[in-house]
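Peer 1: My questions will all concern the structure given below.
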Amino acid sequence: MNNKIKLAVAGAVLASASVANAGITWDAGEWTVDMNGNVNAFAIMSKADDNNAIAGGLAGTNGGNDKDSAGINTGLLPSWLGFTATTRQNDLDTSVTISFQPGAGSTSALKGGNSTNADTENRQAFLTFGDKSWGSVKVGKDLGIFGSTAILNDMTLLGVGAGNGASGATTTLGGIGTGYVYADWIGQIAYTTPNMNGLSLTVGITQPWNAQGDNSAASSGTTDEYGFQGQGSFSWTGDFAGKVWAGFFSQEVTNIATAAGGTTSDRANMFEAGVSTSIYNINLVAYAYSGEGVGTTALLTQGFDTTGEARDSDGGYVQGTYVIPTGTKLGVSYGISKLDDNTADAGTNLIEENTRLTIGAYHPLTKHLNLVAEFSNVEAESHNGLSNEEDKISVGAILFF
């Protein structure tokens, strides 16, 4: 990936750091203000071969009618407008970040010929304070800790990947649910150590998530305890540069309703590990996760069956990219997310695995503007033998500022 575009993605768009590093800046008294973001849209064309109802399947269906669908939609990244203000006072670096994410898709026309449908989101509202000598503290809503590095290294971050062949949704899925569980945007209080010769650690308490069921509300639950997330990483530079990381997610889930009319409680746990290495114009990424009770695609989705028993889940992705002399990045990514069944799931259409193969080309027309073309094949298989398959082609552009 072009270094300036990568900085824009990691710094200005999906920043978990306290200060965005790319954008339009100006001084306002004791503060420095950074306005940053992106606008992107893609023509997405999909063809689905099957129409099976699979609980948690991510391959599109043909709706029993036309196999083809088309739309104009935002990719994995929503369009973005963010503001970060920073200052140093009383030997503390402090900042505040607020951002807005309007969707680009629409499916219905309103009076006057205007059409609107995609949601506008507010993914960031947080403050930080700290010093390079002892680290920093983050308070507020931002990208989750667990799973964050997996999505930031996904090449489809600049494109579409899986999900939403037609327009109307705020974003597509990229590799979410086909290689990693969505980190999501979550309220948190987190501490990050200073950079210790490439080593960095982040731990935090997070807003507790409700467990979401599959085909039955009987498997939903609530929680009265905070979630815990953490991630450690080690980075190195040189001709053979890279980063390794490992993380965890843990949350007690209480009052899980069962089909028999009772309730139960359990703890959801998941662990992850990954590596990204670069040499010359080649970048390779390998990532894996495994856990129980966390489910698949999104945190705590389909993590428990109708008896309240936790389901095991695991998955990961491998990816390789190469930048040719024109500056175009060519890439291939394969990911899989698996969800085990329990005795209570026998004969149901619960998802067994979602897989995705993406081939992409990402060309930096300028240092801020990327043209993108992708092909993705997505397959979903259930535990009772059902399957869906979808091919997706997308072309579009993403502009950072």
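Peer 1: Total Lys pairs in the chain closer than 20 Å by alpha-carbon, pairs eight or more apart in sequence or interchain only?
Peer 2: Lysine pairs satisfying the spacing and distance rule in the chain number 12.
Peer 1: Hey, another quick one. Within the stretch 120-155, what residues put their amide N at less than 14 Å from the label point 7 Å along the Cα-to-Cβ vector of Gln207?
Peer 2: Taking a point 7 Å out along Cα→Cβ of Gln207, the residues of the stretch 120-155 whose backbone N falls under 14 Å are 121-127, 139-145.
Peer 1: So who's got an amide H within less than 5 Å of the one on Gly179, skipping anything under 5 residues away but keeping other chains? H placed 1.01 Å off N, in plane.
Peer 2: Gly316, Ile336, Ser337
Peer 1: Right, another one. Go ahead and estimate [θ] at 222 nm for the chain from helices alone: -39,500 (n - 2.57) per DSSP H run with n ≥ 4, summed, over the residue count, rounded to 500.
Peer 2: -500 deg cm²/dmol
Peer 1: What relative contact order, as a whole-number percentage, does the chain give when Cα pairs under 8 Å and 6 or more residues apart are counted?
Peer 2: 17 percent
Peer 1: A follow-up question, please. Quote the FRET efficiency, to the nearest 0.05, computed for Asn377 versus Val318 with a Förster distance R0 of 22 Å and r equal to the Cβ-Cβ distance. Mind dumping the intermediate values first?
Peer 2: Working: r = 15 Å, r/R0 = 0.70.
About 0.90, to the nearest 0.05.
Peer 1: Can you list the HN-Hα couplings for the stretch 310-325, worked out from phi with the Karplus curve (6.51, -1.76, 1.60; θ = phi - 60°), rounded to whole Hz and with x for Gly and Pro?
Peer 2: 6, 9, 7, 8, 7, x, x, 8, 10, 8, x, 10, 9, 9, 7, x
Peer 1: For Phe240, Phe249, what ranking results if the residue with the fewest other Cβ atoms within 10 Å of its Cβ goes first? Walk me through the intermediate numbers first.
Peer 2: Values: Phe240 10, Phe249 28.
Arranged by neighbour count, lowest to highest, Phe240, Phe249 become Phe240, Phe249.
Peer 1: Given points 7 Å out from each Cα along the Cα-Cβ axis, report the Ser133 to Glu30 separation in nanometres with one decimal.
Peer 2: It works out to 1.9 nm between the two label points.
Peer 1: From the Cα gyration tensor of the stretch 119-213, with a ≥ b ≥ c the square roots of its eigenvalues, which class applies: rounded if a/c is under 1.5, or else prolate if a/b is larger than b/c, or else oblate?
Peer 2: Working: a/c = 2.24, a/b = 1.72, b/c = 1.31.
It is prolate, given that a/c is not under 1.5 and a/b is the larger ratio.
Peer 1: List every residue whose amide H lies under 5 Å from the amide H of Ala211, counting only residues 5 or more places away in sequence or on a different chain, with H placed 1.01 Å from N in the peptide plane.
Peer 2: Sorted by chain and number, the residues that satisfy this are Gly221, Thr222.
Peer 1: Residue by residue through the stretch 380-397, what is 3J(HN,Hα) from phi via Karplus (6.51 cos²θ - 1.76 cosθ + 1.60, θ = phi - 60°)? Round to whole Hz and write x for glycine and proline.
Peer 2: Running phi through 6.51 cos²θ - 1.76 cosθ + 1.60 with θ = phi - 60° gives 10, 10, 9, 6, 9, x, 7, 8, 10, 9, 9, 9, 9, 10, 9, 9, x, 8 Hz.
Peer 1: Among 265-273, 128-136, 175-183, how do they line up by average Cβ neighbours within 10 Å per residue, starting with the highest? Can you show the working numbers first?
Peer 2: Values: 265-273: 18.3, 128-136: 14.9, 175-183: 27.9.
Packing proxy ranking, top to bottom: 175-183, 265-273, 128-136.
Peer 1: Cut-off 10 angstrom, C-alpha nodes, Gaussian network model of the chain. Which of Ala70, Ala28, Ala298 fluctuates the most?
Peer 2: Ala28
Peer 1: Moving to a separate point now. Highest mean first, what order results for 325-335, 196-206 on Cβ atoms within 10 Å? List each step's numbers first, then the result.
Peer 2: Details: 325-335: 17.4, 196-206: 15.8.
Descending packing order for the listed peptides: 325-335, 196-206.
We did not get these values from a lab; they are worked out from the coordinates using the rules stated. The structure displayed is predicted, hence computed values, not measured ones. Because the Cβ atoms are built from the backbone with ideal geometry, glycine has one as well, and the counts that use them run over all protein chains shown.
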